[in-house]
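The values are calculated or read from the model by the stated rules, or taken from the named source; none is laboratory data. If you're wondering where the values come from, they're calculated on a predicted model, not measured in any experiment. Glycine gets a Cβ as well: all are built from the backbone with ideal geometry, and neighbour counts include every protein chain shown. When the accessible area is computed, the model is the full protein with side chains, heavy atoms only, and any ligands, DNA or RNA have been set aside. Shrake-Rupley method; radii C 1.70, N 1.55, O 1.52, S 1.80 Å.
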Number of protein chains: 2
Amino acid sequence: MDFKNLAQQYKNELLENVVPFWENHSKDEEFGGYFTCLNRDGMVFDTDKFIWLQGREVWMFSTLFNKVEQKQQWLDMALHGAKFLQKYGHDGDLNWYFSLTREGKPLVQPYNIFSDCFATMAFGQLYKATGNEEYGQIAKNTFENILKRSDNPKGKYNKLVPGTRPLKGFSLPMILCNLSLEIEHLLPEQLVDETIEKVLHEVMDVFYQPDSGLILENVKPDGSFSDSFEGRLINPGHAIEAMWFIMDLSVRLQKPELAQKAVEIVLRTLEYGWDKEFDGIFYFLDIKGNPPQQLEWDQKLWWVHIESLISLIKGYALTGNKECLTWFEKVHDYTWSHFADPEHGEWFGYLNRRGEVLLPLKGGKWKGCFHVPRGLYQVWKTLETLK
Amino acid sequence: MDFKNLAQQYKNELLENVVPFWENHSKDEEFGGYFTCLNRDGMVFDTDKFIWLQGREVWMFSTLFNKVEQKQQWLDMALHGAKFLQKYGHDGDLNWYFSLTREGKPLVQPYNIFSDCFATMAFGQLYKATGNEEYGQIAKNTFENILKRSDNPKGKYNKLVPGTRPLKGFSLPMILCNLSLEIEHLLPEQLVDETIEKVLHEVMDVFYQPDSGLILENVKPDGSFSDSFEGRLINPGHAIEAMWFIMDLSVRLQKPELAQKAVEIVLRTLEYGWDKEFDGIFYFLDIKGNPPQQLEWDQKLWWVHIESLISLIKGYALTGNKECLTWFEKVHDYTWSHFADPEHGEWFGYLNRRGEVLLPLKGGKWKGCFHVPRGLYQVWKTLETLK
């Protein structure tokens, strides 16, 4: 494999196609913040502002500034979103709404803890870029809020009757694996160490199931299997994404055996989640083979494939496992031939099972300036280390 | 068209295939209530009990007893579910949960007012079958609860920030069109008349848009258009289903012009919602042609097609409009060749855009003993009146 050329391909796509797409189309010059609902050619089709995506775009431009090049236009782009987020994104106590109108009026209450996670990432990275203590404080305080809320993330918006079937979800420990490294520079060492130890244990010992070799999305509080729609749910992309967070932790903790284990899980999950008939990775599966409740279960989503590319190339870089390269080639070919859009830039997000475009959008309520550029950056940088 | 033979086809499918399927597979002899998560061959794959579907099955068997034949086994089947519902289905104040465990422990809180609607239908119809005042009282009191909650159906579980973008939904007035006739025998005449007048106005003057000829799922409180994901949403099956409720009201109110209007809306919605490439009716569309937020937008669902058959044949019976017959034939052919399962009985529920089976289930969290048998009954009985 020609790592050098490949690295160039990912770098070019990032810097000459994807980043300019968001610079050109997402900035709301009138009310601040970003548009994310963008048609194939970048035209805005809806003006609501979703906090996940506002935070993620601030994070992305801050990251580009911090890690690729200290371009003023990138920092300005990040500050543009941060200003809007800071003013309108939360309820005054750093509980982050789910969505706002174009003008910044709150639409959906702060029921979703991932809004807080992406706000933390955004302000943590922007603090690195600017040294502005105010941003650091927002990130730090929001992170503390997340830890406080982590036992019942939805709070009063939780519709489950307490006690009947308590389950804990994979998403939060998974994202904390990433977040704890993202804002390590803002936290006391002990809190970082404790958090990492806790979430590592959750991901690798509780949600990971040695018998099947798979990660479950929801388990009982004691870690055992719940034979319910939620308990049977497998989200291959989610599990695979988590594994490169684990690989990053393996480097940080100098524990190569963690990366080995993560690679095993990535390969097993890909084998399980790959669509043998039409190619691509399924969105949802039921571990017992029952019909999942998600009607979109067989669709092929951009982030699932991009996150897989990151995990595979990092897995190869850390372990030298050749199977990672074989799978990387396969997923690379599928991804570039199905998601990329050479005509209008950025990538499609939603394909049907056959790999045909299901929604001709480049951004929406859940797809923004995040997985594609982050993935291109991560793969580019990892490929550059390979010979 | 050979109405007599067709009527026989619908009747046979109902009485010799679909009703026996639920009698054979859905009864939980151990804990009461019904299983609804059934595989292609009727095997139970999940044991949770969803109140929508528990209520709908009680209603269906009560209706068969009341309208087709006074078979003791049908009444017993209805009573079997009613007993479970009465004991476990609500919080003590007739606020009906969304779901229960197999044993009857509440899983999901009473956030969903349609649980209450289907409980009302169930106990109203069962009261007709048995004359048991207790059942009548449950239906009546639950109905009053629904009216009280109708301005904010989700109550404290509503995640929308009050005031920012108030919208009202089509579902509740639509279902009240049907419910007010379903339990007319239990209500004071004045309440029935007032309710009918109000919901008729909502459906035909507020949600119906004369410019496009379509019904919107959500509008602003003053009836105007909201240019948002919710405001742009079209659910063709929902609109078409509502039109046979309106046709029933046109008969009850002796207003043939209402049936004329309903037929117009059905034909317009079918023309708009029909998939010209792969046939079948789309699940969701955006009235401005934007990508809908529902990833399942292009799927073909059983209830959409069955409800269309009811509206078309009733439309023909009431107005003689030949276009109804042309469309009936087209939807009939699609439905019977794609949803029916001659091998294992009952019908598939979820097809992809191409009409291939997406989930090989006969029942699940949302599909139970309801749309297929109700539709077969309605079409059969309407066909019998035609010459």
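Restricting to region A:253-281, give me the number of residues that are free of Cβ contacts under 8 Å to residues at least 60 places away in the same chain, within 23 Å of the chain's Cα centre (by Cα) and part of a loop (DSSP other than H, G, I, E, B).
Summing the residues that are free of Cβ contacts under 8 Å to residues at least 60 places away in the same chain, within 23 Å of the chain's Cα centre (by Cα) and part of a loop (DSSP other than H, G, I, E, B) in region A:253-281 gives 1.
Any chance region B:127-144 includes a residue that's open to solvent by 30 Å² or more (accessible area, probe 1.4 Å) and farther than 29 Å from B:Val68 by Cβ? Steps first, answer last, please.
Initially, region B:127-144 is screened for residues open to solvent by 30 Å² or more (accessible area, probe 1.4 Å), giving B:127-128, B:130-134, B:137, B:140-141, B:144.
Next, from what is left, pick out any that are farther than 29 Å from B:Val68 by Cβ: B:144.
So far as region B:127-144 goes, yes, one or more of its residues are open to solvent by 30 Å² or more (accessible area, probe 1.4 Å) and farther than 29 Å from B:Val68 by Cβ.
Out of the residues in region B:341-374 that are of a type outside the set (D, E, K, R), in a loop (DSSP other than H, G, I, E, B) and under 19 Å from the mean Cα position of the chain (by Cα), state the one that is nearest to the other protein chains (Cβ to nearest Cβ). Let's see the steps before the verdict.
Looking only at region B:341-374, we keep the residues that are of a type outside the set (D, E, K, R), and these are B:342, B:344-345, B:347-352, B:355, B:357-361, B:363-364, B:366, B:368-373.
With in a loop (DSSP other than H, G, I, E, B) added as a condition, the list becomes B:342, B:344-345, B:348-349, B:352, B:355, B:360, B:364, B:366, B:368-370.
Then drop every residue that is not under 19 Å from the mean Cα position of the chain (by Cα), which leaves B:348-349, B:364, B:366, B:368-370.
On the way: B:Phe348: 11, B:Gly349: 9, B:Gly364: 7, B:Trp366: 9, B:Gly368: 14, B:Cys369: 18, B:Phe370: 18 Å.
Here the answer is B:Gly364.
Test each condition in (1) within 14 Å of chain A (Cβ to nearest Cβ); (2) surrounded by fewer than 24 Cβ atoms within 10 Å (Cβ to Cβ); (3) within 21 Å of the chain's Cα centre (by Cα); (4) not aromatic (Phe, Trp, Tyr) for B:Ser115 and report the one that comes out false.
Among (1) within 14 Å of chain A (Cβ to nearest Cβ); (2) surrounded by fewer than 24 Cβ atoms within 10 Å (Cβ to Cβ); (3) within 21 Å of the chain's Cα centre (by Cα); (4) not aromatic (Phe, Trp, Tyr), the lone unmet condition for B:Ser115 is (2).
Answer yes or no as to whether B:Ser250 is in contact (Cβ under 8 Å) with a residue 60 or more places away in the chain, out of contact with any strand residue (DSSP E or B) (no Cβ under 9 Å at 6 or more places or on another chain) and of a type outside the set (Phe, Trp, Tyr). Don't jump to the end; show me each part of the working.
Details: in contact (Cβ under 8 Å) with a residue 60 or more places away in the chain: yes; out of contact with any strand residue (DSSP E or B) (no Cβ under 9 Å at 6 or more places or on another chain): yes; of a type outside the set (Phe, Trp, Tyr): yes.
For B:Ser250, the condition - in contact (Cβ under 8 Å) with a residue 60 or more places away in the chain, out of contact with any strand residue (DSSP E or B) (no Cβ under 9 Å at 6 or more places or on another chain) and of a type outside the set (Phe, Trp, Tyr) - is met.
B:Pro153 fails exactly one of the following numbered conditions: (1) crowded, with 16+ Cβ neighbours inside 10 Å; (2) touching a Pro at 6+ places or on another chain (Cβ under 7 Å); (3) outside the structural domain of B:Gly289 (by the TED database). What is the number of that condition?
B:Pro153 satisfies all of (1) crowded, with 16+ Cβ neighbours inside 10 Å; (2) touching a Pro at 6+ places or on another chain (Cβ under 7 Å); (3) outside the structural domain of B:Gly289 (by the TED database) except (2).
Output yes when any residue across region A:205-227 is within 20 Å of the chain's Cα centre (by Cα), modelled with pLDDT of 95 or more and among the charged types (D, E, K, R), and no when none is.
yes
What number goes with the only condition from (1) surrounded by fewer than 23 Cβ atoms within 10 Å (Cβ to Cβ); (2) within 13 Å of chain A (Cβ to nearest Cβ); (3) closer than 17 Å to B:Gly237 by Cβ that B:His338 does not pass?
Here B:His338 meets the rest and fails (2).
Run B:Asp91 past the list (1) facing chain A (nearest Cβ under 10 Å); (2) in contact (Cβ under 8 Å) with a residue 40 or more places away in the chain; (3) of a type in the set (D, E, K, R) and report the number of the one that doesn't hold.
(2)
Looking at B:Trp327, B:Trp244 in this structure, which one is open to solvent by 10 Å² or more (accessible area, probe 1.4 Å), hydrophobic (A, V, I, L, M, F, W, C), in a helix (DSSP H, G or I) and more than 14 Å from chain A (Cβ to nearest Cβ)? Please lay out each step first, then the result.
Values: B:Trp244 fails: open to solvent by 10 Å² or more (accessible area, probe 1.4 Å).
The unique qualifying residue is B:Trp327.
So, in region A:31-67, of the ones that are part of a strand (DSSP E or B) and within 14 Å of chain B (Cβ to nearest Cβ), which residue ends up surrounded by the most Cβ atoms within 10 Å (Cβ to Cβ)?
Step one: filter region A:31-67 for residues part of a strand (DSSP E or B), giving A:34, A:37-39, A:44-46, A:49-50.
Restricting the remaining residues to those that are within 14 Å of chain B (Cβ to nearest Cβ) gives A:37-39, A:44-46, A:49-50.
Details: A:Cys37: 25, A:Leu38: 26, A:Asn39: 19, A:Val44: 15, A:Phe45: 19, A:Asp46: 25, A:Lys49: 29, A:Phe50: 27.
Per the stated criteria, the residue is A:Lys49.
Could you figure out which of (1) more than 18 Å from B:Gly89 (Cβ to Cβ); (2) open to solvent by 30 Å² or more (accessible area, probe 1.4 Å); (3) away from chain A (no Cβ under 14 Å); (4) touching a Gly at 6+ places or on another chain (Cβ under 7 Å) isn't true of B:Asp205?
The single condition B:Asp205 does not satisfy is (4).
Of the residues that make up region A:129-148, is at least one out of contact with any helix residue (DSSP H, G or I) (no Cβ under 9 Å at 6 or more places or on another chain) and either within 14 Å of chain B (Cβ to nearest Cβ) or of a type in the set (Lys, Arg) (or both)?
Scanning region A:129-148, I find at least one residue that is out of contact with any helix residue (DSSP H, G or I) (no Cβ under 9 Å at 6 or more places or on another chain) and either within 14 Å of chain B (Cβ to nearest Cβ) or of a type in the set (Lys, Arg) (or both), so the answer is yes.
Quick one: would you say A:Asn321 is open to solvent by less than 60 Å² (accessible area, probe 1.4 Å) and not assigned by the TED database to the domain that holds A:Asn218? It would help to see each step written out before you state the result.
On the way: open to solvent by less than 60 Å² (accessible area, probe 1.4 Å): yes; not assigned by the TED database to the domain that holds A:Asn218: no.
For A:Asn321, the condition - open to solvent by less than 60 Å² (accessible area, probe 1.4 Å) and not assigned by the TED database to the domain that holds A:Asn218 - is not met.
Has region A:246-269 got any residue that is assigned by the TED database to the domain that holds A:Leu318, farther than 18 Å from A:Cys177 by Cα and aliphatic (A, V, I, L, M)?
yes
Mind listing just one residue for me: the one in region A:278-311 that is among the small types (Gly, Ala, Ser) and more than 11 Å from chain B (Cβ to nearest Cβ) and, of those, farthest from A:Gln378 (Cα to Cα)?
The first filter runs over region A:278-311 and keeps only residues among the small types (Gly, Ala, Ser), leaving A:280, A:289, A:308, A:311.
Now restrict to residues that are more than 11 Å from chain B (Cβ to nearest Cβ): A:280, A:308, A:311.
Details: A:Gly280: 21, A:Ser308: 11, A:Ser311: 9 Å.
Among them, the one singled out is A:Gly280.
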